[in-house]
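Notes to accompany the following structure.
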Amino acid sequence: MPLPPPASLGISLDEVDTPALVVDLDALEGNIARMAKAVEGGAVRLRPHAKSHKCAEIARRQIAAGAVGVCSRR
């Protein structure tokens, strides 16, 4: 039986069952867009390191924003 999520939208940080990943989505999306814009039209292609976030959803968002993939260490 799966465990309930450690947090849900609208609860205070004091109520979050830790450890839990808590992300400011506005900041995340802004950072992803900023990196994509920084390499747009240039001679380099963006391939961010997934080891910094270790999160498949963040990697998918980076690729959707123009990254050619992600670097990972196996």
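Tabulated data
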| read-out | value |
| --- | --- |
| Rounded percent of accessible protein surface that carbon and sulfur make up, the chain, 1.4 Å probe | 56 percent |
| Å² of accessible area per residue within the chain, as computed with a 1.4 Å probe and no ligands counted | 86 Å² |
| Neighbour net charge for Glu29 - beta-carbon separation under 13 angstrom, K R +1, D E -1 | +1 |
| Mean separation of Cα contacts under 8 Å (6+ apart) over length of the chain, as relative contact order % | 25 percent |
| Cα-based helix-to-principal-axis angle, 25-39 vs the chain, degrees rounded to 10 | 10 degrees |
| Theoretical FRET efficiency, 1/(1+(r/R0)^6), r = Cβ-Cβ of Arg61 and Met1, R0 25 Å, to 0.05 | 0.25 |
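The values are calculated or read from the model by the stated rules, or taken from the named source; none is laboratory data. Predicted model, so just to flag it, every value in this text is computed and none were measured. Note: ideal-geometry Cβ built from the backbone for every residue, glycine included; neighbour counts use all protein chains shown. All accessible areas refer to the heavy atoms of the entire protein, side chains included, with ligands and DNA or RNA removed. Shrake-Rupley method; radii C 1.70, N 1.55, O 1.52, S 1.80 Å.
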